[in-house]
1. Would you mind putting 98-109, 146-157 in packing order, based on average other-beta-carbon counts within 10 Å, highest first?
2. Pull up all non-local amide H partners of SER253: gap of 5 or more, or a different chain, and H-to-H distance under 5 Å with H placed in the peptide plane.
3. In whole percent, what relative contact order does segment 91-207 give with Cα contacts below 8 Å and a gap of six or more residues?
4. Run the dipole for segment 148-190 about the Cα centre, Lys and Arg Cβ at +1, Asp and Glu Cβ at -1, nothing else charged, and hand back the magnitude in debye, nearest 20.
5. Taking amide H positions as placed in the peptide plane 1.01 Å from N, state which residues far from ALA219 in sequence (5 or more) or on other chains have amide H under 5 Å from it.
6. If the only charges are +1 at each Lys and Arg Cβ and -1 at each Asp and Glu Cβ, what is the size of the charge dipole of segment 100-225 around the Cα centre, to the nearest 20 debye?
7. Hand me the trypsin sites (Lys or Arg not before Pro) from segment 163-260 located in a DSSP loop with no more than 12 other Cβ atoms within 10 Å, in residue order please.
8. Taking +1 at the Cβ of each Lys and Arg and -1 at the Cβ of each Asp and Glu, which of VAL281, LEU226, SER300 sits farthest along the dipole of segment 209-307 towards its positive end, judged by Cα position relative to the Cα centre?
Amino acid sequence: MLREKTGFFLTMKPTRLFLLLASLWILSGCAAIGPSYPTPIPPDVLPTAIAQTAAALNATAFALTPSPTATPLPTDTPIPTITNTPTPIPPAPPARLHFLQPGPMSVLTSAIQTKLYLVPGETNLVQVALYGEDGRLLARDLTRVEDVPPPGLELDIEIPFEIRAIELGRLEASIKDKFGRYESLNSMHVTLLPVGLSQITPPDPPFERAAIYSPAAGANIHGGVLAVEGALWPVNDQPVILELQDEAGRIISTRQLSLTGNTYIPFTTTLPYKVSEPTPVRLSIRQTDPRFNVIAYLYSLLITLNP
């Protein structure tokens, strides 16, 4: 066979041989310059490749996007406000006659264990009394005390009583001067039981309800008008009575005020007077207990009135 093919090429004419070789060369050249197709990506790899390409494009786009510049917002300038500063009230003085035990509205059985703090008055006598709801006197104790520096002492008093039914009671402590005028008086409402157990409530704060800033104790007053400045923590909503009383018990002048509130209420007032000679008087401030129609609280000091 080989010899036959060789003989075939050799027996061909030179012109035909040339054309055959030229055709083969052209065909091989066309195959070499034709388009080159990429190798296809396997199906199981294609999703991963797409995801990676998308992530790369997003990262590039984010890197090329300029960051926004923050523009500061205008700041509101606060408008100055007017602050009303209340006029300060001087500190309240310590109470001169104060119940340490029991407290207001305690439920009490006999005998009442009473504890007082007091600054003794002119006579060194202090009275503690218990009244029933109809005003009858159930018990009373009058004790003489001796004061030692510093002023003020505690006093324990036992108050026995007998009742047949539950009732409202009134416990009162008072101090009088040598002319029988009240120097101090304090009181409270309690519930009285014929039998049972006592229930003690806390006492009021140990401060005087009344504070008189002017005049001072022992002051000499001239001109026929006494100016009084002070503050009161009211016991109730009853009128507040300021009074000037001489040693004979005569009322020189009286002034009525309306002070209500659950704190110290400042006040300023005047009391006109008329005397012909220097006259020692007691200036008192008090409120009434409307339930029993007696004095609920009283505070006082001594001054001298001059013409």
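Every number in this text was worked out from the coordinates using simple rules, so none of it is lab data. Quick caveat: nothing in here was measured; it's all calculated off a predicted structure. Cβ atoms come from the backbone with ideal geometry, glycine included; neighbour counts cover every protein chain shown.
1. Result, highest mean Cβ count within 10 Å first: 98-109, 146-157.
2. Excluding prolines and chain starts, which carry no amide H, the hits are LEU244.
3. Computed value for segment 91-207: 39 percent relative contact order.
4. 240 debye
5. Here THR304 satisfy the definition.
6. In total the dipole reaches around 220 debye.
7. ARG164, LYS178, ARG250
8. Toward the positive end, the furthest listed residue is SER300.
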